[in-house]
Amino acid sequence: MGGIDVWINNAGVLAIGEFDETPMEITNRVISTNLLGYMYGVHAALPYFKKQGYGIIINNISIGGFLPVPFGTGYSASKFGLRGFSAALKTELSGFPDIHICDAFPAFLDTPGIQHAANYTGKKLRPAPPVYDPRRVATAIAKLASHPKQETMIGSMSVLLRYASSIFPRITQSIAGTVIGTYLKQADPLVKTDGNLFNQVNYGNAVYGGWGLPGRPKAHRKYIGAGIVLIAVGMVLLSRKNP
């Protein structure tokens, strides 16, 4: 058989809604795509890598692998599962130093993904700002293909959210739940849908979702920086109230 040098896992779907009001076939589909899809991909590529003695597997996981998403329990289960799968696989392959498992954790992206999501909230969805140009993910993955490393965080917000969820888990989760819950109360109504989980959709068929800033955020860094400072201050204040 021939060879494979790089294998990239990038499949992902999303379902938003209260867990008990989201059909289990929807949750099953999210986990099957996001978690089992990656596992099937690695299972197919790994025999090639072992035979030739080298190879690079890149898993595009997202910041959702560290930060639980309220109203997105199936998505969170799949992303946390991917982190566990990757960690176990890295240990298992410790005897193959030239087979690399690389995990990418981008923050929120300006793609149509959330438009395609299964939506059982009955409300119109939009990603939380700031959103990043998806080309940043493509650039980061291309870099991993030539210079592999175990983890790469994409976007300053992904770094902030990762460490916030690690240092202040309860506070971070509380803020996320409050923000999403408040948004859903105020959002415009929308018919419930299973999105693209089982069929193609005829909308949002572009690279960009039209949510955010084109290119790498530059002129808007001061606003992003201010937001990061405010979030950090809020976490400190909340931690004092909830020791």
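Brief remarks follow.
- Restricting segment 200-222 to residues that are at pLDDT 85 or above and in contact with an Asp or Glu (Cβ under 6 Å, 6 or more places away or on another chain), the residue that is surrounded by the fewest Cβ atoms within 10 Å (Cβ to Cβ): Tyr208
- Taken over segment 135-192, residues that are touching a helix residue (DSSP H, G or I) at 6+ places or on another chain (Cβ under 6 Å) and in a helix (DSSP H, G or I) amount to 7.
- Residue count, segment 174-193 (criterion: more than 19 Å from Gly64 (Cα to Cα), polar (S, T, N, Q) and without any contact (Cβ under 8 Å) to a residue 24 or more places away in the chain): 2
- Boolean, Ala11 is under 25 Å from Pro112 (Cβ atoms), surrounded by fewer than 17 Cβ atoms within 10 Å (Cβ to Cβ), of a type in the set (Gly, Ala, Ser) and touching a helix residue (DSSP H, G or I) at 6+ places or on another chain (Cβ under 6 Å): yes
This table checks each residue for (1) of a type in the set (D, E, K, R); (2) buried (at least 20 other Cβ atoms within 10 Å of the Cβ); (3) under 11 Å from the mean Cα position of the chain (by Cα).
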residue	(1), (2), (3)
Phe66	no, yes, yes
Pro70	no, no, no
Gly84	no, no, no
Ile101	no, yes, no
Thr121	no, yes, no
Ala138	no, no, no
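- Total residues in segment 96-121, condition of a type in the set (Gly, Ala, Ser) and at pLDDT 95 or above: 3
- Considering residues of segment 27-75 that are aromatic (Phe, Trp, Tyr) and assigned to a helix (DSSP H, G or I) only, the residue farthest from Gly95 (Cα to Cα): Tyr75
- When segment 14-26 is limited to residues that are of a type in the set (A, V, I, L, M) and either at positive phi or not in a loop (DSSP other than H, G, I, E, B) (or both), the one that is surrounded by the fewest Cβ atoms within 10 Å (Cβ to Cβ) turns out to be Met24.
- Options Ser86, Ser78; residue that is assigned to a helix (DSSP H, G or I) and either of a type outside the set (Gly, Ala, Ser) or in contact with a Leu (Cβ under 8 Å, 6 or more places away or on another chain) (or both): Ser78
- Of the criteria (1) over 30 Å from Leu160 (Cβ atoms); (2) buried (at least 19 other Cβ atoms within 10 Å of the Cβ), which one Val30 fails: (1)
Okay, residues lined up against (1) among the hydrophobic types (A, V, I, L, M, F, W, C); (2) surrounded by fewer than 22 Cβ atoms within 10 Å (Cβ to Cβ); (3) touching a strand residue (DSSP E or B) at 6+ places or on another chain (Cβ under 6 Å); (4) in contact (Cβ under 8 Å) with a residue 24 or more places away in the chain:
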| residue | (1), (2), (3), (4) |
| --- | --- |
| Ile4 | yes, yes, no, yes |
| Leu36 | yes, yes, no, no |
| Ala45 | yes, yes, yes, yes |
| Gly55 | no, no, yes, yes |
| Lys90 | no, yes, yes, yes |
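- Search result, residues across segment 15-52 that are under 26 Å from Lys143 (Cβ atoms) and within 17 Å of the chain's Cα centre (by Cα): Thr33, Asn34, Leu35, Gly37, Tyr38, Met39
The values are calculated or read from the model by the stated rules, or taken from the named source; none is laboratory data. Small disclaimer: the values here were computed from a predicted structure and weren't measured. Counting neighbours? That spans all protein chains shown, and the Cβs are built from the backbone with ideal geometry, glycine included.
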